[in-house]
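The values are calculated or read from the model by the stated rules, or taken from the named source; none is laboratory data. Source: prediction; values computed, not measured. Ligands, DNA and RNA are stripped out before the accessible areas are found, and what is left, the full protein with its side chains, is counted by its heavy atoms. Shrake-Rupley method; radii C 1.70, N 1.55, O 1.52, S 1.80 Å.
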Amino acid sequence: MNPILVALDVDSAEKALALADQLKGAVGGYKIGKQLFTAVGPSIVRTLADRGERVFLDLKFHDIPNTVAGAVASAVATGAWMVNVHCSGGGKMMRAAADAAAKTAGALGRPRPLVIGVTVLTSMDEAALAEVGTTRPVMDQVLHLARLAQASGLDGVVASPLETKAIRAACGADFAIVTPGIRAAADVGKDDQARTLSAAEAVAAGATYLVIGRPITGAADPRAAAGDILAQLG
Ligand code: C5P
């Protein structure tokens, strides 16, 4: 499938649907995060899912297992194709999320969404991890949580471009890796993304899906920008 998931980091359903109209058929799906979801609610997920689009609902659930299971069940009911949780919620919480995804999808007669883990937020460095009591190097903690996610029944993890290769090696070919921070070489340093790879480099490093926002949504012609990126993937 087309691995490009476009981050709909906008504040209204109109803007999100206008982008989806422009990009229809040119990308593999859309990522809806906390900004859009909090502004307009689950109807935007339903609307896109009802149009046959894949929606990655990026709400990063992190709570007690029972609450996360309920949130995942609600996400499945919206038609989300991929959901995510924080791995630091623990194995029991991740298992509850995976079980709720399977159970609710079965009850509703729809495909089970992919359940993806967030290992260490890329905004956190070693000092920030130490502040919350984790003294391992960042990469060790990322791999530890990725392995725990896999052992707890998750389908994959979100990973920075710099972590993708090591996670692919640690978790094998069947584990999904969702990689943001994609920039063309010419655009490196233009915005707040510091550690980036090109789309082709990220796929070569083992990424399964690429989350791409501004390089597509901020382009004069988003559809052409998506097409250019896809062409680079061969
Ligand atoms: O516009 P840009 O391509 O930077 O958008 C990337 C998307 O991926 C944004 O929604 C951003 O929040 C998200 N993301 C990220 N880096 C992470 C995790 C998520 O850029 N480590």
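Quick one: compute a quarter of the convex hull surface over the Cα atoms of the chain and quote it in nm².
12.2
Which of Gly70, Gly156, Gly218 moves most in a GNM of the chain, Cα contacts under 10 Å?
Gly218
Straight-line reach from Lys15: which lysines have a Cα under 17 Å away, not including same-chain ones fewer than 8 places off?
Lys24, Lys31, Lys34
Enumerate the amide H contacts of His86 below 5 Å, restricted to partners 5 or more residues apart or on another chain; note that Pro and chain-start residues carry no placed amide H.
Excluding prolines and chain starts, which carry no amide H, the hits are Phe61, His62, Val118.
Would you mind calculating the relative contact order of segment 4-232 from Cα pairs under 8 angstrom and at least 6 residues apart, reporting the percent as a whole number?
18
How large is ³J(HN,Hα) for each residue in segment 155-163, as worked out from phi by the Karplus curve 6.51 cos²θ - 1.76 cosθ + 1.60 (θ = phi - 60°), to whole Hz, x for Gly and Pro?
8, x, 9, 7, 9, 5, x, 6, 9
Can you sort Tyr209, Tyr30 by 1.4 Å-probe accessible area, starting with the largest?
These residues rank, largest area first, as Tyr209, Tyr30.
Pull out the extension gain between Asp228 and Val188, defined as 0.36 nm times the separation in residues minus the alpha carbon to alpha carbon distance; nm, one decimal.
Value of the extension gain: 12.7 nm.
Using only the Cα atoms of segment 38-156, each taken as one equal point scatterer with no solvent, compute I(q) by the Debye sum, divide by I(0), and report log10 of the ratio at q = 0.12 Å⁻¹.
Per q value, in the given order, log10 I(q)/I(0) is -0.45.
How large is ³J(HN,Hα) for each residue in segment 85-101, as worked out from phi by the Karplus curve 6.51 cos²θ - 1.76 cosθ + 1.60 (θ = phi - 60°), to whole Hz, x for Gly and Pro?
9, 7, 4, 5, x, x, x, 5, 5, 5, 4, 4, 5, 5, 5, 5, 4
Need one number for segment 25-102: average projected area of the convex hull over its C-alpha atoms, nm².
5.1
So how much accessible area does Arg195 have, in Å² to the nearest 10, using a 1.4 Å probe?
Only protein atoms counted, so the area is about 100 Å².
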